[in-house]
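Colleague: Supplied in structure tokens, the structure appears directly below.
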Amino acid sequence: MSVSDTNAVTLDGLRLDRGGRSILRDIHLQVPTGSITAVLGPSGSGKSTLLAALTGELPASAGSVRVLGQAVPRRSRALLEMRKSIGVLLQGNGLLTDLSVADNVALPLRTHTRLPEILVRRLVDFKLNAVGLRAVADAYPRELSGGMARRVALARALALDPPLMIYDEPLTGLDPIASGVIMSLIQRLNDTLGLTSVIVSHHVHETLPICDQAVVIANGGLVFAGTPQQLQASDDPLVRQFLGGEPDGPIGFDAQARTEAA
Ligand SMILES: Nc1ncnc2c1ncn2[C@@H]1O[C@H](COP(=O)(O)OP(=O)(O)OP(=O)(O)O)[C@@H](O)[C@H]1O
Ligand SMILES: [Mg+2]
């Protein structure tokens with residue numbers, strides 16, 4: 001990252017299309033290096049679509065996406081290189097069922113580096129320790145609880161020491177206690193490893209306490225950006241409807257139809 005760039009992510013006038021339709025328009029957003037940003041919004045509003053732009057999976061239709069000091073490359077080789085700097089935790093965990101916990105965490109190291117096996121094992125040990133799961137290194141994913149499996153996926157996302165972590169709905173399917181564990185882990189890893197984190201979630205009350213910045217997307221655009229305190233205090237009807245989980249209000253129940261009509 002260049003010295004002058006203090007943002008891990010900068011979105012400028014970004015438009016994202018999918019299936020010939022504009023999903024998000026005119027998005028301006030800065031994610032300061034070292035911070036935790038929550039991306040909130042109703043289902044179907046385009047949260048995962050926004051993340052796909054950060055990883056370069058979905059190219060910008062207009063505007064620009066800068067990640068870790070560079071414009072997200074379009075050439076596949078440069079893109080693969082950039083993706084090694086982004087740790088991604090997807091909703092489904094994506095653990096391979098026929099590999100042990102340790103081998104799952106080792107996978108990115110074995111795929112992307114030529115480190116000797118002894119070093120791979122030490123790094124895996126370190127990552128599993130970071131999520132409090134060294135004791136289950138030899139277990140298989142089916143032997144783990146949902147919360148433990150999520151932590152293994154987290155350890156794997158951290159395997160290559162990415163400076164930027166992206167979480168898409170990290171709490172899905174977890175009970176309140178496991179949710180609390182995951183959120184405090186995300187915060188601790190961000191602070192102790194000096195990462196930058198972007199968390200997509202509709203679990204507002206679990207996510208806000210650990211984030212520095214919160215943004216809300218709805219109706220095809222970014223309708224709020226500020227601190228969690230500013231979000232709680234906002235009197236914007238869109239924000240209030242979302243925070244209150246109310247079906248009636250300016251956010252269309254069928255977000256897709258609203259976007260098209262806009
Ligand atoms: N591959 C795709 N092709 C066409 N349209 C898509 C594709 N993926 C998503 N969409 C559409 O883009 C819109 C935003 O989807 P997205 O998955 O980003 O929403 P989301 O905010 O992540 O929702 P959720 O909270 O349910 O995960 C939706 O209307 C969806 O139907
Ligand atoms: Mg999504």
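Colleague: Condition first: out of contact with any Pro (no Cβ under 7 Å at 6 or more places or on another chain) and either at pLDDT 80 or above or within 16 Å of ligand 2 (Cβ to nearest atom) (or both). Now tell me which residues in segment 247-262 satisfy that.
Modeller: Those that are out of contact with any Pro (no Cβ under 7 Å at 6 or more places or on another chain) and either at pLDDT 80 or above or within 16 Å of ligand 2 (Cβ to nearest atom) (or both): GLN256, THR259.
Colleague: Step by step: first the residues of segment 45-69, then only those that are free of Cβ contacts under 8 Å to residues at least 60 places away in the same chain, of a type in the set (S, T, N, Q) and in contact with an Asp or Glu (Cβ under 9 Å, 6 or more places away or on another chain), then the one that is nearest to ligand 1 (Cβ to nearest atom). Which residue is that?
Modeller: Restricting to residues being free of Cβ contacts under 8 Å to residues at least 60 places away in the same chain, of a type in the set (S, T, N, Q) and in contact with an Asp or Glu (Cβ under 9 Å, 6 or more places away or on another chain), the top hit is SER61.
Colleague: Here's another thing I want to ask about it. Is there any pair with a first residue in segment 159-188 that is on the phi < 0 side of the Ramachandran plot and a second that is small (Gly, Ala, Ser) and outside any helix (DSSP H, G or I) whose Cβ atoms are under 6 Å apart and which are 6 or more apart or on different chains, and what are they?
Modeller: PRO162/SER85; PRO162/GLY87; PRO163/SER85; LEU164/ALA8; MET165/GLY87; MET165/SER197
Colleague: Moving on. Within segment 205-246, track down each residue that is at pLDDT 95 or above, part of a loop (DSSP other than H, G, I, E, B) and surrounded by fewer than 17 Cβ atoms within 10 Å (Cβ to Cβ).
Modeller: Result: ASP212, THR227.
Colleague: Could you please let me know if PRO42 is within 16 Å of ligand 1 (Cβ to nearest atom) and either among the hydroxyl-bearing types (Ser, Thr, Tyr) or touching a residue at least 12 places away in the same chain (Cβ under 8 Å) (or both)?
Modeller: Taking the combined requirement at face value, the residue satisfies it.
This table checks each residue for (1) within 16 Å of ligand 1 (Cβ to nearest atom); (2) within 18 Å of the chain's Cα centre (by Cα); (3) of a type in the set (A, V, I, L, M).
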position	(1), (2), (3)
VAL198	yes, yes, yes
ASN219	yes, no, no
ALA225	no, yes, yes
LEU231	no, no, yes
ASP235	no, no, no
GLN241	yes, no, no
GLU246	no, no, no
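Colleague: Which of the residues that make up segment 178-204 are of a type in the set (A, V, I, L, M), assigned to a helix (DSSP H, G or I) and closer than 22 Å to GLY245 by Cα?
Modeller: The answer is MET183, VAL204.
Colleague: Let me ask something else. Considering each residue of segment 45-88, count those that are within 16 Å of ligand 2 (Cβ to nearest atom) and exposed (fewer than 15 other Cβ atoms within 10 Å of the Cβ), and give that number.
Modeller: Residues flagged as within 16 Å of ligand 2 (Cβ to nearest atom) and exposed (fewer than 15 other Cβ atoms within 10 Å of the Cβ) within segment 45-88 amount to 1.
The values are calculated or read from the model by the stated rules, or taken from the named source; none is laboratory data. Everything numeric here is computed off the predicted structure, so don't read it as measured data. Virtual Cβ from ideal backbone geometry, glycine too; neighbours counted across all protein chains shown.
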